[in-house]
Structure formats: structure tokens, C-alpha cells
1. Suppose only helical runs count, i.e. DSSP H with n ≥ 4. What mean residue ellipticity at 222 nm does that imply for chain A under -39500 (n - 2.57) per run, divided by all residues and rounded to the nearest 500 deg cm²/dmol?
2. Place the label 7 angstrom along Cα→C-beta at B:Lys21 and in each other copy, then list the distances from the first to the rest in nm, shortest first.
3. One decimal, nm, shortest first: give the distances between the label point of B:Asp265 and those of the same position in the other copies, each label point 7 Å from Cα along Cα→Cβ.
4. From Cα coordinates alone, what are the radius of gyration and Dmax values for the range B:123-251 in angstrom?
5. Find me the longest stretch of chain B that has none of the exposed trypsin sites (Lys or Arg not before Pro), where exposed means in a DSSP loop (not H, G, I, E or B) with at most 11 other Cβ atoms within 10 Å.
6. Excluding B:Leu31 itself, what net charge comes from residues whose Cβ is under 11 Å from its Cβ, given Lys and Arg +1 and Asp and Glu -1?
7. Express the carbon and sulfur contribution to the solvent-accessible surface of the range A:1-137 as a percent, rounded to the nearest whole number, probe 1.4 angstrom.
8. Considering only the label points, 7 Å along Cα→Cβ from Cα, what distances in nm to one decimal separate B:Asp59 from the same position in each other copy, shortest first?
2 protein chains.
Amino acid sequence: MRNVVGIDIGGTNIDIGVVGKNYAVYEHIKLKTDPQKVDVFVDKICDAAASLADKYGCDAIGVGTPGRTYDNRVVISAGNIAYKNTPLAEIIEKRTGRDVYLDNDASCALYGEKFAGAGKNARHMVVLTIGTGIGGGIMIDRACYHGTDNRAGELGHFIMDINGEPCACGLRGCFEKHASVRAFVEQARKAAAENPSSLLYRLARGNTENIGGRLPFIALEQGCAVSKSVVDQYIYYLASGINSLAKIFRPELFVLTGGLINEGDIITRLLKPHLLEGVTAVLSPLKGKAGLIGAALIKTERESYAFPAVNV
Amino acid sequence: MRNVVGIDIGGTNIDIGVVGKNYAVYEHIKLKTDPQKVDVFVDKICDAAASLADKYGCDAIGVGTPGRTYDNRVVISAGNIAYKNTPLAEIIEKRTGRDVYLDNDASCALYGEKFAGAGKNARHMVVLTIGTGIGGGIMIDRACYHGTDNRAGELGHFIMDINGEPCACGLRGCFEKHASVRAFVEQARKAAAENPSSLLYRLARGNTENIGGRLPFIALEQGCAVSKSVVDQYIYYLASGINSLAKIFRPELFVLTGGLINEGDIITRLLKPHLLEGVTAVLSPLKGKAGLIGAALIKTERESYAFPAVNV
């Protein structure tokens with residue numbers, strides 16, 4: 001394929017790169033998202049994208065973003081970012097002079113995996129993006145399933161605990177509330193606060209605010225029993241969600257991506273004994289670039305695989 | 001279409017009829033299933049089907065059954081019926097001298113709704129069969145989605161209560177454990193036992209075993225507060241499951257079928273305020289005949305809509 005700039009906007013970080021021959025990524029740049037200031041981060045995106053497009057001779061830019069999108073042009077809304085019918089493609093086009101296409105981030109990650117990652121041979125696949133929240137991409141018969149009005153695939157938002165806390169999505173006790181990286185961090189902070197003699201608490205220098213997604217794994221490696229029980233419980237939640245989705249979809253595989261998988265193979269090693277017979281979950285081999293790669297493919301490789309959009 | 005015998009095997013009852021022009025059903029016969037004695041109920045099926053086939057000049061018989069099926073010929077296994085790689089199509093063919101095709105009951109109900117019922121115009125639809133258990137049929141882009149190895153669509157088996165009781169499916173606190181008719185009856189019996197002064201308990205003549213799916217609705221109509229709270233709680237569970245599946249699939253509509261819908265419009269009237277914005281659930285207009293009709297269509301109308309089967 002010709003060189004295309006790919007942009008993957010997340011709730012915390014933005015990944016930008018140029019996708020070229022054999023889906024290789026040149027110059028993987030990371031920016032910070034300021035979710036309440038769309039103007040500000042879009043500004044930074046335009047600068048970076050224009051400069052990469054100049055350098056690599058790209059005439060197109062593909063953008064993946066959280067939220068509901070319309071017609072590859074507009075972001076209607078997103079839970080974590082202050083979009084409001086934002087004509088994002090048009091804004092970036094005006095600033096960069098390139099053709100711009102956008103799509104939901106989970107859908108981009110799905111196509112990234114399909115063309116360049118773990119799903120090359122899969123016909124039915126579910127990609128779970130486990131970061132600040134949990135997003136999903138559903139591949140059915142080799143095409144991304146978008147559902148009515150592009151609203152399918154909120155895989156982080158089925159009820160996993162009918163007695164759980166209300167979720168911003170309108171339901172309660174959602175999968176995301178148990179198994180996102182944010183949930184993991186909250187679970188770890190709570191356990192550390194309840195166990196001030198734990199290694200986890202000491203590594204956090206007595207301030208649970210210092211605990212992020214990494215620290216419990218570091219403490220676990222050093223033999224922290226509290227961290228082990230936090231990680232075990234978290235993995236159980238994650239496996240429960242994957243098993244539930246397996247009952248519904250029976251994909252050939254689940255591909256896990258998002259911030260969580262920075263921990264590497266320990267995730268799948270711990271997950272495996274909890275998964276139902278025949279359920280396979282692998283980490284994305286694309287090291288966080290599935291979304292970026294899939295975004296670059298919106299108007300190239302992907303087109304022939306899309307179900308026609310339904311907007312009701 | 002030409003006349004075809006349709007058979008819908010359920011965990012408790014078997015429906016048999018002849019499906020003819022405009023999907024009209026002639027002679028709707030009901031038999032009892034003896035789930036532990038497959039030989040016995042198959043014998044009864046063969047007698048009834050052969051006699052209907054003679055009378056209406058049918059050269060084919062379609063069968064819908066719970067469980068995993070293979071190649072429209074064999075039932076591999078089912079949770080509630082003692083199949084064991086049973087070559088059901090062959091058995092019925094030998095006895096009746098007609099061509100026999102079979103498929104999963106939920107898939108049959110889905111196609112019944114698509115051709116003759118509530119889903120005539122739908123592109124993405126979920127049919128929930130709410131009876132002894134909860135089964136599901138998923139229509140994506142006008143075709144039934146079967147998943148890898150024909151194992152998708154166990155829509156009664158996502159985890160709705162992570163702290164709930166183990167389920168025979170290997171998970172725990174499943175949707176089915178909360179919202180099947182069996183679960184409803186258990187909830188009603190428990191409430192009646194705890195409230196011996198309730199109208200429900202009195203209508204059951206002091207024996208909770210007399211409580212089936214109907215009685216709480218009869219008591220509710222007569223002003224029983226305990227029955228009201230049982231029904232309200234049950235409807236909340238049902239709505240929670242539908243909302244969760246809506247987040248995942250965003251179908252244009254959910255069609256409810258199975259024993260529950262004998263209660264009629266009160267179900268959808270009570271459900272409605274609990275459903276998320278944009279989520280539509282309707283009762284099957286086919287009065288329990290969706291499965292039978294869909295079974296009769298396996299090798300006629302349905303063929304062009306099927307995803308090719310994947311057996312891994």
C-alpha cells in the first residue's frame with residue numbers, strides 16, 4: 001500500500017505514525033490527549049500529521065477515535081472525550097490539506113489485527129481494547145460488525161454484577177467497571193490502603209495515588225501477597241467477561257490490546273486456566289499499533305470487507 | 001412454498017405442524033418431550049409427522065431442536081435433552097420416508113421471525129427464547145450468525161451476577177439463572193414461602209410447588225403485593241439482560257418468544273420503562289410457532305441467507 005498517516009486517539013494518549021508497505025509503521029509518535037480540550041489536542045495532531053505527511057509523501061490520513069462516528073467524517077459523541085458532533089475529518093483536512101477519514105477506534109484496532117496482527121486467518125474475532133475503559137471490535141465473517149446506527153460493540157458495557165455500582169452508560173456493574181485498567185488500579189489502591197504493611201503500599205511510598213497499572217505487577221514479582229490477590233481477582237473478572245462474550249459470539253479468538261497488555265505474557269498465562277474449553281485469548285502482536293494501522297487502512301484495504309453502513 | 005412439516009422440539013413440549021403458502025400453519029399439534037428418553041419422544045414425532053406428511057402431501061420435514069447440531073443432520077448434545085451425537089435426521093427419514101433437515105431451535109425461531117413474524121424488515125435482530133432456559137438467535141445482516149463450530153448464540157449464558165450461583169454451563173450467575181421462566185417460578189416460590197399470608201401463597205393452596213409461571217400474574221391481577229414485587233424484580237432482570245445485549249449488538253429489535261410471552265402485552269408494557277433509549281423489544285406475533293415455521297424453511301427460503309457453516 002501507499003504511505004498513509006494513521007492516528008489512534010485514546011482517552012489518555014494519541015498514537016501517530018506512517019503506515020507503509022507490509023503495514024510497517026514508520027515514526028511512531030505519542031502525544032497526550034486532553035479529553036476536555038478537543039481543540040487543543042486536535043491542534044497537536046494536525047501539526048504532527050502534517051509534518052509526517054510531508055516527510056513520507058502521504059496524501060491521506062486515517063483517524064481512529066473513541067465514540068460514535070458518522071460517515072467516516074464526524075464524531076457524534078464519546079464517553080471520555082468532549083466531542084459534540086465534531087466534524088473531525090473536515091477540521092484535520094483543512095489544516096493538513098490531506099484527505100482524512102475517521103472511524104471508531106475499536107473498529108480500527110479490529111482491522112489492524114485482521115491485516116497486520118493476530119487475526120490474519122480468523123473469520124470471527126473479537127478484539128478487546130483494555131485501557132482506561134474497555135472497548136470492543138467484533139469481526140463477523142471477516143467484516144467489522146457495526147450494528148444499527150453504528151452503535152454495536154460496547155463490549156465493556158454488559159452487566160456483570162446486577163448488584164454493582166451504576167455506570168455512566170446507564171447500566172450498572174458493567175464488565176468495564178471490573179476489568180478496565182482504571183478498575184484494576186482502583187482495586188489495587190483499595191487493597192493497598194487496607195493493607196498498609198504490604199509491599200505494594202510500601203512501593204507506593206505510603207500514598208495509594210502513586211499506584212498505577214504497573215506497580216501491582218512489580219510488587220507481585222517481588223512476592224507481594226496483596227498484589228497477588230489483587231491481580232488474581234482482576235484476572236478472574238477479565239476471564240469472566242471473555243467467557244461471557246465467548247458464549248455469545250464463539251469467535252475463533254479474542255485479541256487483547258490496550259494499556260493492559262504492556263504487562264506481556266503474564267496476562268495470558270494467568271488468564272488461561274480461567275477460560276472455558278475452546279476459548280482462545282492472545283495478546284496483540286502489534287505493540288499498541290493496531291489502532292493506528294487500522295486507521296490508516298480505512299479507505300484502502302478495509303473497504304471491500306465492510307458491511308454497508310446502516311444509519312437509521 | 002410447497003407444504004413442509006415443521007417440528008420444534010423444546011425442553012418440555014414439541015410443536016408439530018404443516019407450513020404452507022404464506023407460511024400458514026395447518027394442524028398445530030403439541031406433544032410432550034421426555035428429555036431423558038429420546039427414543040420415546042422421537043417415536044411419537046415420527047408417527048405424527050408421517051401422518052401429517054401423508055395428509056398434506058409433504059416430501060420434506062424440518063426439525064428444530066435445542067443443542068448443538070452438525071450439518072443439518074446430527075444433534076451433538078443439548079443441555080436439557082439426552083442426545084449424544086444422535087443422527088436425528090436419519091432416524092426420522094428412515095421412519096417417515098421423507099427428506100429431513102434439522103437445525104438449532106433458536107436459529108429456527110430466528111428465521112421464523114424473519115420470514116413470517118416480527119423481523120420481516122429487520123437487518124440486525126436478536127430473538128430471545130425465554131422458556132425453561134434462555135436461548136438466542138442472532139441475525140446479522142439478514143443471516144443467522146452461528147459462530148465458530150456452530151457454538152455462538154448462548155445468549156442466556158453471560159455472567160450477570162459475578163457473585164451468583166454456579167451454572168451448568170461452567171460460568172456463574174448467568175442471565176438464564178435470573179430471567180428464564182424456571183428462574184421466575186423459583187423466585188415466585190421463594191417469595192410465597194417467605195410470605196405465607198400473601199394471596200400468591202393462598203392461591204397456591206399453601207403449597208409452593210403449585211406455583212408455575214402463570215400464578216404470579218393471576219395473583220398480581222388480583223392485587224397481590226408479593227406477586228407484584230416478584231414480577232417487578234423479574235422484569236428488571238430481563239430488562240438488564242436485554243440492555244446488556246443491546247450494548248453488544250444494537251439490533252434494530254429484540255423479539256421475545258418462548259413460554260413467557262403467553263402472558264401477553266403485560267411483559268412488554270412492564271419492560272419498556274427499563275429499556276435503554278432506542279432499545280426495542282416486541283413479542284413474537286407467531287404465538288409459539290416461530291420455531292416450527294423456521295424449521296420448515298431450513299432447505300427452502302432460508303438457504304440463500306445462511307452464512308456458510310464453519311466447522312473447525
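1. -10500 deg cm²/dmol
2. Counterpart label points of B:Lys21 in the remaining copies fall at 6.7 nm.
3. Result for B:Asp265, in nm, nearest copy first: 6.2.
4. Over the range B:123-251's Cα set, Rg and Dmax evaluate to 16.7, 52 Å.
5. B:206-312
6. -2
7. That share works out to 46 percent.
8. Label-point distances to the other copies, shortest first: 5.9 nm.
The values are calculated or read from the model by the stated rules, or taken from the named source; none is laboratory data. Keep in mind the model is a prediction, meaning the values are calculated, not measured. Methodologically, a virtual Cβ is constructed for each residue, glycine included, from the backbone with ideal geometry; neighbour enumeration extends over all protein chains shown. In case anyone asks, the SASA skips ligands and DNA or RNA and just uses the protein heavy atoms, side chains included. Shrake-Rupley method; radii C 1.70, N 1.55, O 1.52, S 1.80 Å.
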